[in-house]
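The values are calculated or read from the model by the stated rules, or taken from the named source; none is laboratory data. Since the structure is predicted, the reported quantities are computational estimates derived from the model, not experimental observations. When we count neighbours, we look across all protein chains shown, and the Cβ atoms used for this are built from the backbone with ideal geometry, even at glycine.
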Amino acid sequence: MVGRRQIHQAIHSRMMKRNTDNDDVVQWDQIVSTLVTELKHEVSSYYGNEGSEVEKSYPGFDYHNEKIRARLSRWPWHRSFFKAIDYLGLSESEIDSVVTWWGTLKERQAYEKKTGTVVRDTTGDDIPTWEQVQEMKQEALKDEEEEFDGINPYTLNREEMESMLKEADRLALQESLQQAALQSHTTATALRVQQQFRQAEQLFGYVRE
């Protein structure tokens, strides 16, 4: 395993196409600063108004996780960084020795070890699981059945009964009108086809004569 400075020099050389000692430290600091800025933008766009302040302060991005890398790769400097470490074929331990800035998994682990706490990701807590969705559907269906079964015509007053009958009559009338319109359309179509057939028959008879 090579030294940490040699690793970040190699990454910097691949990213910036430079390899001078004077520029290396300054340029690497600039790269890290830009990567941190991109992580802060990612935290802001990902959490928004959700999530706790602790997890926003220590998001713990794992640079070995393919899903995390895919998310961060939409930021130009992270995309360039991932391409560089892939090109160099760095091991996980070599990457971890360099990736220690704000927002990374190692930085969060250091905070957890120092404080003796665990930063839990609360995003998605308000999203129900598949089992919870099924339970909510069953409860809604049960409530509808109970509401329907709870209607007792003998306990309804005159106004409620008339209202229910009017609604039933309205639905029945609407259905009848729809059927009548459909039948009328069908009849009109049949008459039109019959008329066209007669015209064709007359024309055919005329030509045959």
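Scanning segment 52-67 for residues that are surrounded by fewer than 17 Cβ atoms within 10 Å (Cβ to Cβ), modelled with pLDDT of 85 or more and not in a loop (DSSP other than H, G, I, E, B) turns up S57, E66, K67. For segment 87-110, the set of residues classified as over 25 Å from the mean Cα position of the chain (by Cα) and either closer than 11 Å to I11 by Cβ or outside any helix (DSSP H, G or I) (or both) consists of Y87, L88, G89, L90, S91, E94, I95, V98, V99, T100, W101, W102, listed by residue number. Among residues that are acidic (D, E), surrounded by 14 or more Cβ atoms within 10 Å (Cβ to Cβ) and at pLDDT 90 or above, E92 is not included. The residues on offer are E144, E160, E131, E135, and the sole one that is surrounded by 11 or more Cβ atoms within 10 Å (Cβ to Cβ), over 30 Å from I11 (Cβ atoms) and at pLDDT below 80 is E160.
Of the residues contained in segment 44-51, one or more are found to be small (G, A, S), in contact (Cβ under 8 Å) with a residue 40 or more places away in the chain and not in a helix (DSSP H, G or I).
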